[in-house]
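The values are calculated or read from the model by the stated rules, or taken from the named source; none is laboratory data. These numbers come from a predicted model, not from an experiment. Every residue, glycine among them, receives a Cβ derived from its backbone with ideal geometry; neighbour counts consider all protein chains shown.
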Amino acid sequence: MSDLAEFSKEMMKPESVGDSRLFIKTYQHYINAGIDLAAGSAGGAACVFVGQPLDTLKVKMQTFPHLYRNSLICFRETFIKEGIRGLYAGTVPALVANIAENSVLFCAYGVCQNAVKILVRKENTLELNPLENASAGFFAAFFSSFSLCPTELIKCRLQAMRETSSKESIKRAHIGPWVLTKEIFKTEGILGFFRGFAVTVLREMPGYFFFFGGYELSRNLLTPKGKSKDEIGLLRTIIAGGIGGVSFWVAIFPADVIKSRLQISKSNDSTVAVTKELIRKEGFRALYKGLGPTVLRTFPASGALFVAYEYTKQFLNYGLTYIP
């Protein structure tokens, strides 16, 4: 106890406080990136816990439209045959995917905001308008795609496991993420985890343009006169985050359908071939199959993501500024 008290007294000395301030000032960019990384991780975890059941319905409806006419039938069939566990199928890889994606995404977003700030010759990232923030999100999404593609591939295959398993291999419907990961590596190699990478990038980059654009525009419109965007409160943050999430999915849903089909397919067909086959057999409406549960999921899930992100970021920044 005496050692701890001695350490605290030492750190409170003017020269120690000055050294701390100098350290923070010198490494501010790295510290900001670390804060964005941590806040993005918190946001990713919150997003999964809120939205995973409806994400499962989305994947099932996208990949097996002939089995499920609407989201209620999909929910009922999944719940009856698989229970709560079926609705949360793929939660572990989804959690890994979202934490990995959002930590990289928000870290890259902060870096890209600084790059855009320099390009448009502004003093601070807080001065960026919604279009400029949307552009930063567009480029940040390229980097997050590398962490997202492998984990989302495993998630999609787990979510569709029952439907893709034959009667002879029904036990496969209950294998876990680790077993599936080893199986993919054994049969398809490291490149197997990046199946659908091109369409993931095509989905993510324009998607996050609308995601961050919708969020920042909503925050601007919801900010009361005389206050900053960071002071809009919990409810307005949820609404702005929800609008950003809905903007993302409405813009890129067809690409997501194609990505899901590619990732669960056992053939080596190209993105173009899968798209042509889908439209030929099921029509253009199939490109929006599952949009309903996706919108229902994404509003609260994206709201939770941004609440966790913004409040974690504020908490960590407050800790940095609390130096006597």
Inset, instruction - Hey, could you check region 203-242 for residues that are among the basic types (Lys, Arg) and crowded, with 17+ Cβ neighbours inside 10 Å and say which is farthest from Val116 (Cα to Cα)? - result: Arg236
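Answer yes or no as to whether Thr271 is closer than 30 Å to Pro130 by Cα and either β-branched (Val, Ile, Thr) or more than 21 Å from the chain's Cα centre (by Cα) (or both). Talk me through it step by step, then tell me what you get.
Values: closer than 30 Å to Pro130 by Cα: no; either β-branched (Val, Ile, Thr) or more than 21 Å from the chain's Cα centre (by Cα) (or both): yes.
For Thr271, the condition - closer than 30 Å to Pro130 by Cα and either β-branched (Val, Ile, Thr) or more than 21 Å from the chain's Cα centre (by Cα) (or both) - is not met.
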Inset, instruction - Collect the residues in region 266-307 that are free of Cβ contacts under 8 Å to residues at least 60 places away in the same chain, touching a Leu at 6+ places or on another chain (Cβ under 8 Å) and under 27 Å from Val48 (Cα atoms), keeping them in residue-number order. - result: Leu287
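Just to check your reading of the model, which residue among Asn114, Asn102 is buried (at least 22 other Cβ atoms within 10 Å of the Cβ), touching a Ser or Thr at 6+ places or on another chain (Cβ under 8 Å) and under 19 Å from Gly34 (Cβ atoms)? Walk me through how you get there before you give the answer.
Details: Asn114 fails: buried (at least 22 other Cβ atoms within 10 Å of the Cβ).
On inspection, the qualifying residue turns out to be Asn102.
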Inset, instruction - Test each condition in (1) surrounded by fewer than 22 Cβ atoms within 10 Å (Cβ to Cβ); (2) under 20 Å from Ile154 (Cβ atoms); (3) among the polar types (S, T, N, Q) for Thr200 and report the one that comes out false. - result: (1)
Inset, instruction - Would you mind telling me which numbered condition in (1) surrounded by fewer than 18 Cβ atoms within 10 Å (Cβ to Cβ); (2) among the charged types (D, E, K, R); (3) within 22 Å of Leu148 (Cα to Cα); (4) touching a residue at least 12 places away in the same chain (Cβ under 8 Å) Lys259 fails? - result: (1)
Inset, instruction - Would you please name the residue that is nearest to Asp256 (Cα to Cα), looking only at residues in region 126-147 that are surrounded by fewer than 17 Cβ atoms within 10 Å (Cβ to Cβ) and more than 22 Å from the chain's Cα centre (by Cα)? - result: Asn129
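Please state which one of Leu217, Leu222 is of a type outside the set (Lys, Arg) and out of contact with any Pro (no Cβ under 6 Å at 6 or more places or on another chain). Steps first, answer last, please.
Numbers: Leu217 fails: out of contact with any Pro (no Cβ under 6 Å at 6 or more places or on another chain).
Only one candidate qualifies: Leu222.
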Inset, instruction - State whether the residues of region 135-146 include one that is modelled with pLDDT of 70 or more, among the polar types (S, T, N, Q) and closer than 29 Å to Leu57 by Cβ. - result: yes
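Specify which of the listed residues (Val199, Val250) is touching a Ser or Thr at 6+ places or on another chain (Cβ under 7 Å) and closer than 23 Å to Arg297 by Cβ. Explain how you work it out, then say what you get.
Numbers: Val250 fails: touching a Ser or Thr at 6+ places or on another chain (Cβ under 7 Å).
Checking each option against the conditions leaves just Val199.
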Legend entry - Residues of region 87-125 that turn out to be in a loop (DSSP other than H, G, I, E, B) and either over 29 Å from Ile154 (Cα atoms) or within 13 Å of the chain's Cα centre (by Cα) (or both), as a count: 5
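Okay, residues lined up against (1) at pLDDT below 85; (2) crowded, with 19+ Cβ neighbours inside 10 Å; (3) not in a loop (DSSP other than H, G, I, E, B):
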| position | (1), (2), (3) |
| --- | --- |
| Gly43 | no, yes, yes |
| Val48 | no, yes, yes |
| Thr56 | yes, yes, yes |
| Val59 | yes, yes, yes |
| His66 | yes, no, no |
| Ile73 | no, no, yes |
| Arg76 | no, no, yes |
| Glu82 | yes, no, yes |
| Arg85 | yes, no, yes |
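Looking only at residues in region 248-290 that are among the charged types (D, E, K, R) and in a loop (DSSP other than H, G, I, E, B), which one is nearest to Glu216 (Cα to Cα)? Steps first, answer last, please.
So the first thing to find is which residues in region 248-290 are among the charged types (D, E, K, R), and the list is 256, 259, 261, 266, 269, 276-277, 280-282, 285, 289.
Right, trim to in a loop (DSSP other than H, G, I, E, B) and you get 266, 269, 289.
On the way: Lys266: 40, Asp269: 38, Lys289: 28 Å.
For region 248-290, the residue satisfying everything is Lys289.
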Inset, instruction - Would you please name the residue that is modelled with the lowest pLDDT, looking only at residues in region 115-124 that are farther than 18 Å from Gly214 by Cβ and either in contact with a Lys or Arg (Cβ under 6 Å, 6 or more places away or on another chain) or not acidic (Asp, Glu) (or both)? - result: Asn124
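Among the residues of region 301-309, are any more than 15 Å from the chain's Cα centre (by Cα) and surrounded by fewer than 23 Cβ atoms within 10 Å (Cβ to Cβ)? Before you say what the answer is, go through the steps one by one.
So the first thing to find is which residues in region 301-309 are more than 15 Å from the chain's Cα centre (by Cα), and the list is none.
Checked against the condition, which is being more than 15 Å from the chain's Cα centre (by Cα) and surrounded by fewer than 23 Cβ atoms within 10 Å (Cβ to Cβ), region 301-309 yields no hits at all.
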